[in-house]
1. Based solely on C-alpha atoms, express the radius of gyration and the Dmax of segment 1-110 in angstrom.
2. Name the shape class, rounded, prolate or oblate, that the alpha-carbon gyration tensor gives for the chain, where a ≥ b ≥ c are the square roots of its eigenvalues, rounded holds for a/c under 1.5, and otherwise prolate holds if a/b is larger than b/c and oblate otherwise.
3. Hand me the GluC sites (Glu not before Pro) from segment 303-392 located in a DSSP loop with no more than 14 other Cβ atoms within 10 Å, in residue order please.
4. Within the accessible area of segment 23-114, what % is carbon and sulfur when the probe is 1.4 Å and the other protein chains stay in place?
5. Skip the ligands, DNA and RNA, and give the accessible area per residue of segment 373-447 with a 1.4 Å probe, whole Å².
6. For the chain, please report how many Lys pairs fall under 30 Å Cα to Cα, leaving out neighbours fewer than 8 apart on the same chain.
7. With the Cα gyration tensor of segment 293-364 giving a ≥ b ≥ c as the square roots of its eigenvalues, does the rule (a/c under 1.5 for rounded; else a/b larger than b/c for prolate; else oblate) give rounded, prolate or oblate?
8. So what's the net charge close to Ile63: Lys and Arg +1, Asp and Glu -1, counting the other residues with Cβ under 13 Å from its Cβ?
Amino acid sequence: MTTAAPAVAHAPGGLPLLGHVHHMLTGPREFFTSLRDLGDLVTVRLGPMRAYVLNNPAHVHQILTKDVRKLDKGLAYEKSAPFLGNGLLNSTEPQHMTHRRIVQPAFHTRRIAAYADQMRETAEQRSAGWSDGATVEFDDEIHAYAVSVVCRALFSTDLGDTVAAEVEETFPVLLKGVARRIAMPFGPLEKLPTPGNRRFERARQRLDKALTDVIAAYQERGAKDGDLMALLLAARSHGEGCPGLTDQQVHDEAMALFLGGVETARDVLAWACHLISTHPQVQRRLAAEIDRVLGGRPVTHADLPELRYTHAVLTEVLRQYPPGWLLTRRTVTEVELGPHRIPAGSDVLFSLHALQHDPAVYPDPERFDPDRWTGGSAVPVPRISFLPFGAGNRGCIGEPFAWEEMTVFLAVVLARFSLHPLPGYRVRPSRSTMYAPKRVPLIVRDREADPTH
Ligand code: HEM
């Protein structure tokens, strides 16, 4: 005799027609966290769309690592497709794996070590103009830094700076548009000539043209060995066992690396700087570690393994503020999760934020505590409960790059400055698709002039 699967709970508080859209617009992370206690599987309704929310980390891990052929990327990527095209972030197999193999060498340790010097230089350039006591808009500074390091890795020439300026201006508009489209997935609304849709379309066209122009200019100048664009273009011209990339595919892969690489690292670093400024003890330990390891010389790739506390601080930021906090998938065939069967064609959502704030795994989850990661904890965190970079064949290809750029930035800035919150200002999350802070204005003090640090 077969036993019936337990009923799947439906999230409470839905409105006629809109379903749970209002929760997505007003407090999406809190909404998903509130669903955690309703069971392993919960359904929500976003306008006309019904989706399954996964609350069990083992199920999340299963679909990311074992059932990869049974699911596509789903809603978030579909809504980004108008500007993202069909690169690594949202392409399907077999194209995805072929292209991933082409791009992968750019993220090998040897290449990452070479990027470290560019990253240090960029961080030094950005912070060179900061003076003791100045208020620095860290969100802007870090955004410019993150755009610049990805563009330089992609194009490794001044062309990187040209496209960086466009990315910096257009991305916030595009991401805001995507956030709206995910929260309210009513297709026809996206086509109306509303001011928001027009802004989205203008930004899309502008970024598209900037990237097309810069790729053409890059080709004219000739590829530079080792940068990402050279890899993409080499795959295009020679084939060598790969079907070869079309111009559009080269364009789309570059766009995927921008989208994957820029906002994510920017958000984590911006939250990190905010949290460091509000936790003086953490800041003192970081500064002491950086002084001890670097002894006043510039940071290099070889220093990273020694910057253990810095690593723990960034890990804790990634736990509390995973930038891509809501991942989406769509089943292409039926998927079995424990006793439940999810039919083909279903939207599936899971919140890394809820997963990484589970009090059963992370006691006092709202507390910022880098010591969770310094080896002192009696019970190690299970791998499946910490997924800021995703997992499996769609896991983040840029993870080593991200660690490098985040660590280098903190090492450069904290070697010279201490960070302090701006009195009277409260840092808040923005309404972006990502978990991003709105503004992070901080007062920087020259450490030589600030005896407390
Ligand atoms: C702290 C920084 C970063 C975080 C937290 C992050 C997070 C993630 C996550 C969660 C995914 C998986 C998405 C999913 O399964 O739906 C992903 C994929 C991806 N990321 Fe990152 N990322 C970061 C930095 C970067 C960087 C620096 C790059 C490139 C320069 C990058 C490029 C990509 C690409 C291309 C994918 C798609 C991989 C594939 O499907 O094969 N990311 N990232």
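1. 17.8, 58
2. Judged from the Cα gyration tensor, the chain comes out oblate (a/c at least 1.5, b/c at or above a/b).
3. Glu334, Glu366
4. Carbon and sulfur together cover 52 percent of it.
5. Accessible area per residue, segment 373-447: 43 Å².
6. Taking the Cα cut-off of 30 Å, the pair count is 18.
7. Here segment 293-364 falls in the prolate category.
8. +1
The values are calculated or read from the model by the stated rules, or taken from the named source; none is laboratory data. Since we're looking at a predicted model, the values are computed, not measured. Note that we place each Cβ from the backbone using ideal geometry, even for glycine, and neighbour counts take in every protein chain shown. Just the protein is used for accessible areas: all its heavy atoms, side chains included, with ligands, DNA and RNA removed. Shrake-Rupley method; radii C 1.70, N 1.55, O 1.52, S 1.80 Å.
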